[in-house]
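The values are calculated or read from the model by the stated rules, or taken from the named source; none is laboratory data. On a predicted model such as this, the values are computed, not experimentally measured, just so you know. Heads up, the Cβs are rebuilt from the backbone with ideal geometry, glycines too, and the neighbour counts pull from every protein chain shown. When the accessible area is computed, the model is the full protein with side chains, heavy atoms only, and any ligands, DNA or RNA have been set aside. Shrake-Rupley method; radii C 1.70, N 1.55, O 1.52, S 1.80 Å.
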Amino acid sequence: IDPLREIAKQPRVAAIGEIGLDYHHLPSVDMEHPFQDIYRMEVAQDPNALTGELADQAYKNGQKIAFEMQLDLAVELGLNVVIHQRDAWEDTLEILSNYTGKFRAVFHCFGGTQEQASEILEMGHLVSFTGIVTFKNAQQVRDTALTIPSGRFMVETDCPYLAPMPYRGKRCEPAYTRLVAEKLAEVRKEDFDSICNNTTQTAEDFFRLNG
């Protein structure tokens with residue numbers, strides 16, 4: 001954490017992130033995982049015991065420890081955080097609940113349900129939408145976007161991934177963020193310029209870009 005602390009102290013740093021939990025690729029599925037040495041130390045002296053549920057739990061525990069250290073650093077330095085969450089919803093919120101009021105978080109690349117968005121907003125945090133909102137099979141994301149109050153969401157590229165339609169499958173570019181905003185304006189039946197102004201102001205406030 002010490003090298004990260006020194007980097008985060010630089011005046012141009014606007015937040016800590018992406019940080020969070022990602023349980024999508026677990027050792028029980030991919031035993032050629034790059035952190036096999038960590039599993040061996042935490043789970044057992046016998047490498048033969050390093051399988052299945054034990055390896056998965058060791059992997060998750062390691063992520064939780066790192067996540068909490070990074071959140072502690074954000075509190076220490078007075079920075080907000082950008083959250084990455086994949087297949088780890090309950091653990092992510094459980095850890096974040098211990099930091100309520102100490103910083104604000106934005107859940108980047110949000111693709112969850114209205115109920116999940118409500119949980120985030122109730123904790124004082126924000127969500128951010130990517131090109132996913134333009135995908136034909138992403139009605140859930142559009143339904144959720146319709147319910148988020150102005151000032152509580154942003155738009156992003158997730159470059160080089162998740163390029164919006166009609167560029168899906170190609171390298172995403174910052175300029176394509178406009179297409180995300182256009183889709184949000186359509187879904188929410190709001191003026192495009194209003195979406196742009198509100199999300200820009202939200203981002204500037206969250207990252208303290210005018211401070």
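So which residues in region 153-190 are assigned to a loop (DSSP other than H, G, I, E, B) and within 23 Å of Gln114 (Cβ to Cβ)?
Of everything in region 153-190, those that are assigned to a loop (DSSP other than H, G, I, E, B) and within 23 Å of Gln114 (Cβ to Cβ) turn out to be Glu156, Asp158, Leu162, Pro164, Met165, Lys189, Glu190.
Return the residues of region 191-209 that are part of a helix (DSSP H, G or I) and within 22 Å of the chain's Cα centre (by Cα); say none if nothing qualifies.
Correct list: Ile195, Cys196, Asn198, Thr199, Thr200, Gln201, Thr202, Ala203, Glu204, Asp205, Phe206.
Within region 163-180, identify whether any single residue is within 21 Å of Leu209 (Cβ to Cβ), in contact (Cβ under 8 Å) with a residue 12 or more places away in the chain, touching a Leu at 6+ places or on another chain (Cβ under 9 Å) and buried (at least 22 other Cβ atoms within 10 Å of the Cβ), and answer yes or no.
No, that holds for no residue.
Looking only at region 123-151, which residues are part of a loop (DSSP other than H, G, I, E, B) and either without any contact (Cβ under 8 Å) to a residue 40 or more places away in the chain or not small (Gly, Ala, Ser) (or both)?
Met123, Gly124, His125, Thr130, Phe135, Lys136, Asn137, Ala138, Leu146, Thr147, Ile148, Pro149
Quick one: which residue in Val82, Val106 is within 26 Å of Ala163 (Cα to Cα) and open to solvent by less than 20 Å² (accessible area, probe 1.4 Å)?
Val106
If you scan region 55-105, which residues turn out to be over 21 Å from Phe207 (Cβ atoms), among the hydrophobic types (A, V, I, L, M, F, W, C) and at pLDDT 95 or above?
Selection gives Ile65, Ala66, Met69, Ala88, Trp89, Leu93, Ile95.
Under the condition of being in contact (Cβ under 8 Å) with a residue 40 or more places away in the chain and not basic (Lys, Arg), which residue from region 196-211 is surrounded by the fewest Cβ atoms within 10 Å (Cβ to Cβ)?
Leu209
For region 136-146, how many residues are open to solvent by less than 40 Å² (accessible area, probe 1.4 Å) and either out of contact with any helix residue (DSSP H, G or I) (no Cβ under 8 Å at 6 or more places or on another chain) or among the β-branched types (Val, Ile, Thr) (or both)?
Residues that pass the stated criteria total 2.
If you go through region 147-154 one residue at a time, do you hit one that is touching a Pro at 6+ places or on another chain (Cβ under 6 Å), farther than 25 Å from Leu21 by Cα and either hydrophobic (A, V, I, L, M, F, W, C) or surrounded by 13 or more Cβ atoms within 10 Å (Cβ to Cβ) (or both)?
No, the conditions are met nowhere in region 147-154.
Out of Ile16, Ile7, report the one residue that is at pLDDT 95 or above and either of a type in the set (D, E, K, R) or in a helix (DSSP H, G or I) (or both).
Ile7
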